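> Structure below; questions to follow.
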Amino acid sequence: DVMFSFVPHQAGTFKVKQVVDILGPTSDDNLSPLKTKEFHQKKLTFLATCKPSTNKIIMRVNPGITPLITNPVGQFVQAAPQESTMATESSRMATLNAAKTHIHDHQKTSGVYKDVQVAFPNDRAASIRPSDRKAQYRTIFTKMERYNYVDPDYAYTEEEETIKQTHKDYYTNYIKDRRELRLKEKKDREFQETNNDIEIGITPAAGLQPPTYSVAECFNEQKKPKTAPVTKGRMMTTRQLASAESRSVTKEINEGLNAMPCTVSEKEDCSLELTPQQLHQVVVGPSTIDFGEVCVRSTSIKELNIINSLPMYIWVQVEIDCDELQQTSPLSHVVPPMSKTDIPVVFETNSLGKFK
């Protein structure tokens, strides 16, 4: 059994096609020793869905105003499950949504208490003051301002608060400026790497995006046609020669051919000497050309076919030692790979008789 595990890295739907190759000892057609190769292929489709899960937030009530160093102030604050079980007390009046009641309002005060916080019923006038001296607390019903006790022996004065805040803002701005400078230098270094003397035809930092390939395109690229293994020095079969010849016949070229190698690739290919196996892939024919009955001082033209089944250029030269075939032209061709061309053979004679 083969077990596949799915480990998601992000939320969403996962779908991919996978090709599984089954390997085993196989033999070739020429009865060679067994080798471990692929003998079967199976396509699998994997589907999965990753859904995000959230933690359930358990709410608890923290009655009254507490110091800043302890738990948060107010109701519906996040707490761990083990902490929620420890809090058994409750604040009944604070959970009755009494902050929105207007029964005890003696006059319209719309907008006056916009930024004012509401003190809970069990709050005392002389309890520990809030962490922020500027924060205002009023009672739930009568909206009376809560007494804000300031200890002159331990509390900061207004000047000390201003100096402390100024000192904090100075280092905050310093860290912010250093970060912006570091990011700017990083962008400058990246721009210098791309802004060089090499011209590649695109504008640096122009926002080019690489193309994205779909699953189907990536799957098709991996699929390659299977070809029979060709051993070095082994002659090709008749079926292979016929298949290569049939492909070359469909690409017939009669114009634009060079009489001599001109380009670098043509010179490189034509300078090589063909092996016996390569000569079997070059067909020149027919072997016998019958011009039939030809009148004296008239011409007869027959075609000499040249089929190149090699993946390289070949240079074909025709040598003529008969006076009757001297009108044949051109006598050389550079034949492109996997193509076919014709050489017109011209017969002309000034005397009666048979020509062979």
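> Which residue, of 324, 268, is at pLDDT 85 or above and either out of contact with any Gly (no Cβ under 8 Å at 6 or more places or on another chain) or among the β-branched types (Val, Ile, Thr) (or both)?
Numbers: 324 fails: at pLDDT 85 or above.
None of the other options fit; the residue is 268.
> Could you tell me which of the residues 162, 172, 166 is at pLDDT 75 or above and loosely packed, with under 10 Cβ neighbours inside 10 Å?
Matching residue, one of 162, 172, 166: 166.
> Another question, if that's okay. Being under 49 Å from the mean Cα position of the chain (by Cα) and within 17 Å of residue 345 (Cα to Cα) narrows it down to one residue among 289, 307, 314, 301; which is it?
307
> Go through region 263-299 and report how many residues are within 30 Å of residue 353 (Cβ to Cβ) and of a type in the set (Lys, Arg).
Within region 263-299, residues that are within 30 Å of residue 353 (Cβ to Cβ) and of a type in the set (Lys, Arg) number 1.
> Yes or no: region 305-321 includes at least one residue that is touching a helix residue (DSSP H, G or I) at 6+ places or on another chain (Cβ under 8 Å), over 14 Å from residue 260 (Cβ atoms), buried (at least 16 other Cβ atoms within 10 Å of the Cβ) and small (Gly, Ala, Ser).
Residues of region 305-321 touching a helix residue (DSSP H, G or I) at 6+ places or on another chain (Cβ under 8 Å): 307-310, 312-315.
This time we only want the ones that are over 14 Å from residue 260 (Cβ atoms), so: 307-310, 312.
Next, only the ones that are buried (at least 16 other Cβ atoms within 10 Å of the Cβ) stay: 307-310, 312.
Right, trim to small (Gly, Ala, Ser) and you get 309.
Within region 305-321 (the criterion being touching a helix residue (DSSP H, G or I) at 6+ places or on another chain (Cβ under 8 Å), over 14 Å from residue 260 (Cβ atoms), buried (at least 16 other Cβ atoms within 10 Å of the Cβ) and small (Gly, Ala, Ser)), the answer is yes, since at least one residue qualifies.
> Any idea how many residues of region 26-80 are among the basic types (Lys, Arg) and modelled with pLDDT under 80?
Total satisfying the criteria: 2.
> Something else about it: Of all residues in region 242-265 being modelled with pLDDT under 85 and in a helix (DSSP H, G or I), which is nearest to residue 305 (Cα to Cα)?
Out of the qualifying residues, it is 249.
> I need the full set of residues from region 266-283 which are in a helix (DSSP H, G or I) and under 43 Å from the mean Cα position of the chain (by Cα), in order please.
Correct list: 266, 267, 268, 269, 270, 278.
> Also: In region 284-309, what residues are assigned to a strand (DSSP E or B) and at pLDDT 80 or above?
Matches in region 284-309: 284, 299, 300, 301, 302, 303, 304, 305, 306, 307, 308.
> Consider region 23-53. How many of its residues are under 22 Å from residue 215 (Cβ atoms), loosely packed, with under 10 Cβ neighbours inside 10 Å and out of contact with any Lys or Arg (no Cβ under 7 Å at 6 or more places or on another chain)?
2
> Return the total of residues in region 280-294 being exposed (fewer than 10 other Cβ atoms within 10 Å of the Cβ), farther than 17 Å from residue 342 by Cα and not charged (D, E, K, R).
Residues in region 280-294 being exposed (fewer than 10 other Cβ atoms within 10 Å of the Cβ), farther than 17 Å from residue 342 by Cα and not charged (D, E, K, R): 1 in total.
> Before we move on, is residue 344 exposed (fewer than 14 other Cβ atoms within 10 Å of the Cβ) and under 21 Å from residue 252 (Cβ atoms)?
yes
> Can you find even one residue in region 344-356 that is within 53 Å of the chain's Cα centre (by Cα) and assigned by TED's automatic domain parsing to the domain that holds residue 257?
No, every residue in region 344-356 fails to be within 53 Å of the chain's Cα centre (by Cα) and assigned by TED's automatic domain parsing to the domain that holds residue 257.
> Could I ask something else about it? Could you run through region 231-279 and say how many residues are loosely packed, with under 10 Cβ neighbours inside 10 Å, within 19 Å of residue 343 (Cα to Cα) and of a type in the set (Gly, Ala, Ser)?
The number of residues fulfilling the criteria is 1.
The values are calculated or read from the model by the stated rules, or taken from the named source; none is laboratory data. Owing to the predicted nature of the structure, the values given are computational and were not obtained by experimental measurement. Don't worry about glycine lacking a Cβ; one is built from the backbone with ideal geometry, like all the others, and counts go over all protein chains shown.
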